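Q: Could you have a look at this structure, given as structure tokens, before my questions?
The numbers here are math on the coordinates, done by the rules we state, and not lab data. Predicted, not measured: the structure shown is a model, and the values here were computed from it. A quick note on method: Cβ atoms are made from the backbone with ideal geometry, for glycine too, and the neighbour counts reach across all protein chains shown.
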Amino acid sequence: MRPDDPFDDAVTARAVIAADGTLARWSEGARLLLGHRAEEIVGRPAAELLADGSGPLPLPADRWSGTLVLRHRDGGTVSVWVLAHHRKPAGDGPGEWLAVTPLEATDHELPDDPLVRKAVFQSPCATMVFDQALRLRGVNDAMAHLLGLPADHLRGLRPTDIGGRPQHSELERQLRQVLRTGRPHDMQTYMKATSENHAHAWLARMAPLTDRSGRVRGVCVTAHDFTEQFRARERLQLVNEASMRIGSTLDVTRTAQELAEVCVPALADFVSVELLEPDEAGGEPAGPLSPPVSLRRVAQQSLTAGSPEAVADVGEVVVYPEASPQADSLLTGHSIVASVPSGDLDPWLSVDTIRARRIEEYGVHSMLSVPLQARGTTLGVAAFTRFSQPEAFTHDDVLLAEEVTARAAVCIDNARRYSRERETTLALQRSLLPRTLPRTAALEAATRYLPAARTGVGGDWFDVIPLSGMRVAMVVGDVVGYGIQASATMGRLRTAVRTLADIDLAPDELLTHLDDLVLHLSEEAGGDSGPGEVGATCLYAVYDPVSRRCTLSRAGHPAPVLIPPGGPPRHLELPSGPPLGLGGLPFESAEFELPDDSVLAFYTDGLVSSRERDLGQGEALLREALSGAAGPLDETCDRVLNSVLSPGGATDDVALLLARMRGLPSSQVATWDIPADPALVAPIRKQVLDQLADWSLTDASFTAELVVSELVTNAIRYGAPPIRLRLIHDASTLICEVSDTSHTAPHLRRAKTWDEGGRGLLLVAQLTQRWGTRHTAEGKTIWAELTLTDTP
């Protein structure tokens, strides 16, 4: 006998039976009872101990108790009461059985034991008393009824002898703590007692029993059924969890799924959420309602992986007849509880055989349908189903489901309203952005725009603007804020940029005028709040394919990334101007010569900034993603977005513009220096005609000759030398430019009937596609553009 091993307690006979029916352990108490020593009996079939040889021992699936006649080592028989229970292993395996019987004389009354007397007469509920060795000294009738065992057979057993559940081992551990510390202790558990049909929540209150000297002599355990309090606490916990988990996003589908996830398995075994179809995207649900009701399933959650008990998948439209709980709850506006055993669902299931088979297959016994209502609008219905939980839905369950569903309905309605506003803002945003990019000989461009995943549509924009002389302007901007106001401000700024670009302002001058506009918008929006109420950033660049030079200026915007042919991507070093809307601060420009096939990447900060990483990491990821920009630009755009953005989507709006530069060959440009002599205009016209013939543009000779003659003559008469004529052409356009050092710009006017002059520019305007003036540091350039539609 080992005193440190509770199994070898000599006052109780214990034996462990392995899964194959052989004896695995044999206690000292078992030797005292039947005379067999452990080394003689361990490993032999336990059935050999039966005196009548009737077969194997009655090993239970959970627990068994009864009287057995056992064979003693001396050949005699012993009739004993035996309690056997199955002990499951921690991992996989069949487990083992523990069989016990107390050896002490049993006396249910025990009138002379002061410990039992105190416990029996002072405890108002189910009570049992253990001594210092954790042997059961006595139980009252209430406790014996809960255990489902006769009280006069339990004396001397330990908690782990009575049952093999984890709760019994935990109880024994807690009892030792009370004996050691002398302080009371409470233990809560949820289990089904032997005499109960359903599990209950139990509170075991353990109090030390002391003698007159204060020495701990035992422990009194009283069991209290606090199921109602436990369920009330669970309901409060579920409501609290629902308030924290439901509505984490402004997405209708995700919010509905959160409702289903919160309620499984706390309230039901399967939950589906279905919404009424609106008349239009983002609109109010259709009404008034009449059976049958069509609902679209947006979420579902089940105890079983894959939700095999569901008769519809997420996204499908389900039609519910009048007899269904879903239709009844929507039409009446209150919750409906239906029981399968009582036949509440028979009219519905008689016409829906698939659902009837599914209910029978999975043992569905109770359904609860709660309408989703918010702000006087019925949005849909949440259906709760039970098949694993044996209890039907109670009145408290209905109140809990209505409480959680009401919270979810408000969140779903908020998400629906947000989705409608987001779609409206996004439609406005996309209508204000260029739908297609212009085809130019100077560059090839590709763009992407992504609204923010959570915060909403902002004011990011991009544009590609053809300028005179085959030049192209590229612009990317970002308005502070989100929503319709930001989109409207973006539209105003984009229109202003196009207007300013049309008069051929330099990038730094254009940003200065744009800054003034933002200041005016800020004053209109903020009243007396001062500047900065409306803010924006902008990057403006102009590329000249003839000189292959690009001039850039920025206002608080990230610098672009240059990917030279065969070289690594790098950020351009640009002067960092202030954001638009501050006022009073200058903007500076920088000029770079770009080889052919160079790619410039313009972007807004939503692409590289996020909560998960700093700005430097985002820019490094962008440069890495742009390292393969030699291929199609559309593929590069997609690769950049997939590589740089976080998996959850952009936290801010993203605008991306990629432009591959294409310089114009010198063979497509012709330049002449013009002497300030009107008599030399005719030879110039001849040279122009010869050049057009070399370019195979003779079909445009007549118009080009008239335009060149008029522009050169005006420059000689009203301009200042030196004067220069330049012709530029590509496959579809011929451009005539005359430059001089005078800053006086001509104006188009309508000549009167008897005027001898004033018709030249009107003639040019009529003969050409576009014409205009751009000012330079040296003077001005008058240009006119002809479309070569009929040129072979």
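Q: Dipole of the range 666-787, Cα-centred, from +1 at each Lys and Arg C-beta and -1 at each Asp and Glu C-beta, to the nearest 20 debye?
A: 460
Q: Short version: ³J(HN,Hα) in whole Hz for each residue of the range 42-50, in order, from phi by Karplus 6.51 cos²θ - 1.76 cosθ + 1.60 (θ = phi - 60°), x for Gly and Pro, what are they?
A: 5, x, 8, x, 5, 5, 5, 7, 6
Q: What nm value, rounded to one decimal, do you get for the distance between H72 and T495 when each label is placed 7 Å out toward the C-beta?
A: 11.2
Q: Within the P(r) computed for the range 666-787, what percentage of the Cα pairs occupies the region above 21 Å? Display every interim value, and only then the final one.
A: On the way: 2597 of 7381 pairs.
Roughly 35 percent, rounded to a whole number.
Q: A follow-up question, please. About the Cα centre of the range 6-102, how large is the charge dipole given +1 on each Lys and Arg Cβ and -1 on each Asp and Glu Cβ? Please answer in debye to the nearest 20.
A: Rounded to the nearest 20 debye, it is 100 debye.
Q: If you fit an axis through the alpha-carbon atoms of helix 701-718 and take the longest principal axis of the Cα set of the chain, what angle between them do you get, 0 to 90°, nearest 10?
A: Tilt relative to the chain: about 70 degrees.
Q: If you don't mind, another one. Out of residues 5 or more away from R158 or on other chains, whose amide H comes under 5 Å of its own, with H placed 1.01 Å from N in the peptide plane?
A: Correct list: L136.
Q: If each residue of separation counts as 0.36 nm, what is the full-extension length gain between E241 and E591 once their alpha-carbon separation is subtracted?
A: 120.1 nm
Q: List the residues, sorted by chain then number, that are 5 or more residues from I723 or on another chain and whose placed amide H is less than 5 Å from its amide H.
A: Amide H neighbours of I723: I674.
Q: Can you tell me how much longer the chain between S350 and E40 gets when fully stretched, taken as 0.36 nm per residue apart minus their C-alpha distance, in nm with one decimal? Spell out each step's value before the answer.
A: Working: separation 310, 0.36 × 310 = 111.60 nm, distance 6.69 nm.
Here the answer is 104.9 nm.
Q: Let me know the charge dipole size of the chain about its Cα centre in debye, to the nearest 20, where only the beta-carbon of Lys, Arg (+1) and Asp, Glu (-1) is charged.
A: Using Cβ point charges on Lys, Arg, Asp and Glu, the chain gives about 1220 debye.
Q: Now, a different point. Return the Rg/Rh value of the range 337-389, two decimal places, where both radii are evaluated on C-alpha atoms and Rh is the Kirkwood radius.
A: Rg divided by Rh gives 1.06.
Q: Can you sort H224, H729 by how many other beta carbons sit within 10 Å, fewest first?
A: H224, H729
Q: In whole Hz, what ³J(HN,Hα) sequence does the range 31-38 give by Karplus (6.51, -1.76, 1.60; θ = phi - 60°), x for Gly and Pro?
A: 5, 5, 6, 10, x, 7, 7, 4
Q: Tell me, what HN-Hα J-couplings in whole Hz come from the Karplus equation 6.51 cos²θ - 1.76 cosθ + 1.60 at θ = phi - 60° for each residue of the range 535-547, using x for Gly and Pro?
A: The phi angles translate into x, 7, 10, 7, 10, 10, 9, 10, 10, 10, x, 6, 8 Hz.
Q: What angle, in degrees between 0 and 90 and rounded to the nearest 10, separates the Cα long axis of helix 166-181 from the longest principal axis of the Cα atoms of the chain?
A: Once rounded, the angle reads 80 degrees.
Q: For the range 141-197, list log₁₀ I(q)/I(0) at each q in 0.15, 0.26, 0.29 Å⁻¹, using the Debye formula over Cα point scatterers of equal strength and ignoring solvent, two decimals each.
A: Log-scaled intensity ratios, in q order: -0.51, -1.21, -1.25.
Q: To make sure I understand, if each residue's beta carbon is the centre and we count other beta carbons within 10 Å, what order do V319, V216, V688 fall in, fewest to most? Can you show the working numbers first?
A: Working: V319 12, V216 16, V688 22.
Ordered by Cβ neighbours within 10 Å, fewest first: V319, V216, V688.
Q: Rounded to the nearest 0.05, what FRET efficiency do L437 and T394 give with R0 = 60 Å and r taken as the Cβ-Cβ distance? Could you check?
A: Computed FRET efficiency for L437 and T394: 0.40.
Q: Next question, about the same structure. Given points 7 Å out from each Cα along the Cα-Cβ axis, report the V317 to C125 separation in nanometres with one decimal.
A: Between V317 and C125, the label points sit 5.6 nm apart.
Q: Give the angle, between 0 and 90 degrees and rounded to the nearest 10, that separates the Cα long axis of helix 353-362 from the longest principal axis of the Cα atoms of the chain.
A: 50
Q: Take the Cα radius of gyration of the chain and divide it by 2.2 N^0.38 Å, with N its residue count; two decimals is plenty.
A: 1.61
Q: If I model a spin label as a point 7 Å beyond the Cα along the Cα-Cβ vector, how far apart are those points for A693 and T424 in nm?
A: 6.7
Q: Work out how far the C-alpha atoms of the range 572-687 reach from end to end along every principal axis, then list the three figures in whole Å, largest first.
A: The principal-axis extents, from largest down, are 72, 43, 21 Å.
Q: Right, next: Given H placed 1.01 Å from N in the peptide plane, which residues other than close sequence neighbours of Q769 have an amide H under 5 Å from its amide H?
A: Placed amide hydrogens put E785, L786, T787 under 5 Å from Q769.
Q: OK, next. Report relative contact order for the range 6-102 in percent, whole number only (criteria: Cα-Cα under 8 Å, sequence separation at least 6). Intermediate values should be presented prior to the final figure.
A: Working: 202 pairs, mean separation 26.6, N = 97.
Relative CO of the range 6-102 lands at 27 percent.
Q: Would you compute, from DSSP H runs of 4+ residues alone, the mean residue ellipticity of the chain at 222 nm, taking -39500 (n - 2.57) per run and dividing by the full residue count, rounded to the nearest 500?
A: Computed mean residue ellipticity for the chain: -9500 deg cm²/dmol.
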